[in-house]
Structures are given as C-alpha cells and as structure tokens.
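The values are calculated or read from the model by the stated rules, or taken from the named source; none is laboratory data. Note that the structure is predicted; figures quoted are calculated from it, not measured. We place every Cβ from the backbone using ideal geometry, glycine too, and count neighbours over all the protein chains shown. Note: areas computed on protein heavy atoms with side chains; ligands, DNA, RNA excluded. Shrake-Rupley method; radii C 1.70, N 1.55, O 1.52, S 1.80 Å.
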Amino acid sequence: MFLGFSSGLPLALSGSTLLVWMRESGVDLGTIGLFALVGTPYTIKFLWAPLIDALKVPVLTCLLGRRRGWLVLSQLLLIVAILLLALTDPARSPFFVALGALLVATASATQDTVVDAFRVESLPENEQAAGMASYVAAYRIGMLISTAGALFLVSYFESLGLIKASAWTWGYVAMAAMVGIGMVAAVLATEPERSEQ
C-alpha cells in the first residue's frame, strides 16, 4: 500500500496540479496545452523496463537487492525532480517547468515499473488480486493528496502570508517529502526471492 501511495503521488504533480499552478501564474493556454506531452513517459515506460530487469544499481543493489535498489533509486530521482520543479517559475521559464515535469514523469514511470515487478514477485499467486487492489486504493489516495491536498496546502501557505510563488514552491517541497513514505517502505521491505533468481 505504501508503494502504491508513492506511485500515485507524482502523477498529478506533473499533470493537473501543475496546470493549476501554471494557470495561476498567468501562463497562456496554448503553452499549457503543450504540457499534455509531459505524460509520454508513462506511455513508453515499457522501453526501459528491460533495462531495469537487466541492470544492477551500483551500491544500492548490493545493499538492498535488485528490486529495492531500483525502488530507492527511482524514489531519490523522483524527490530531486519534484524539488527541481518546485524551484521553477512557470511565468518566467515554462521550458524549465516542462523539463522538470518531464523528469518527474520519467522517474515516476520508472518507479511504477519497479513497484509492479516488486509486487508480482513478492506475492504468491493467490494474493495477487488483493495486492493489486490495495496498491490501486493507495495509488488513488496518493493522487488525491497531490491534487486536492496540494491545492489545500498551497492555500494554507498563502493564508499564512506567503506570496503565491513561495506557497507553490513549499507545496511541492511537501509533496517531495511525502515520496519518503514509499522510500521507507522500500527499505523496510523484504527483497523478493524470485528477484534474486
């Protein structure tokens, strides 16, 4: 469930929540429309999935195993990408916002691929359906947190007196910190035996 939450969280941060931020920053609708392409990594993640199976992550694979090593790497990359996105200004540099959103989507798609493999290898066949159901439920909660939760948090920061740009930055920083939930779950989990084979 915690990995599902971590997988659902970044989807809106490079999608609908980002579009609200851009609209509030005064970015024109034509530019915002181009951001639909940011979701492309979710569509083509099958292209690098074989690399995840074939390659070991230096140091992390030795410490945690193949699946958990990739999980932690993708989550670290995700945190860094969300923080980079938090530091951009949609009104002044839409290109850097697009680049940050693309990095978030790529790291998130990689995490999704690893979580799926981890779940399939960890659960016996008779628990696969229940595992998928709990993953999807937590995924949806993560999406709610990164949409309504992020917007509420930004509004709260503004009510404290932060300017709009700072409120959005700190909202994204809070979302990056929440990826840590999945990272803790990955570190505390047991590496699947089938992964070692």
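Quick one: count up the residues across the range 53-69 that are part of a loop (DSSP other than H, G, I, E, B) and open to solvent by 20 Å² or more (accessible area, probe 1.4 Å).
Looking only at that region, the number is 4.
Could you tell me which numbered condition Asp116 fails, if it satisfies all but one of (1) modelled with pLDDT of 90 or more; (2) surrounded by 21 or more Cβ atoms within 10 Å (Cβ to Cβ); (3) of a type outside the set (A, V, I, L, M, F, W, C)?
Unmet condition: (2).
Test each condition in (1) over 21 Å from Glu193 (Cβ atoms); (2) at pLDDT 90 or above; (3) open to solvent by less than 80 Å² (accessible area, probe 1.4 Å) for Leu47 and report the one that comes out false.
The number of the failed condition is (3).
Please work out if Leu18 is open to solvent by less than 20 Å² (accessible area, probe 1.4 Å), part of a helix (DSSP H, G or I), in contact (Cβ under 8 Å) with a residue 12 or more places away in the chain and not β-branched (Val, Ile, Thr).
yes
Only one of Met132, Met183, Met175 is over 16 Å from Ile82 (Cα atoms) and either outside any helix (DSSP H, G or I) or of a type in the set (A, V, I, L, M) (or both). Can you tell me which?
Every option except Met132 fails the conditions.
Can you tell me which of Ala185, Ala176, Ala165 is modelled with pLDDT of 95 or more and either farther than 25 Å from Leu18 by Cβ or out of contact with any Cys (no Cβ under 8 Å at 6 or more places or on another chain) (or both)?
Ala176
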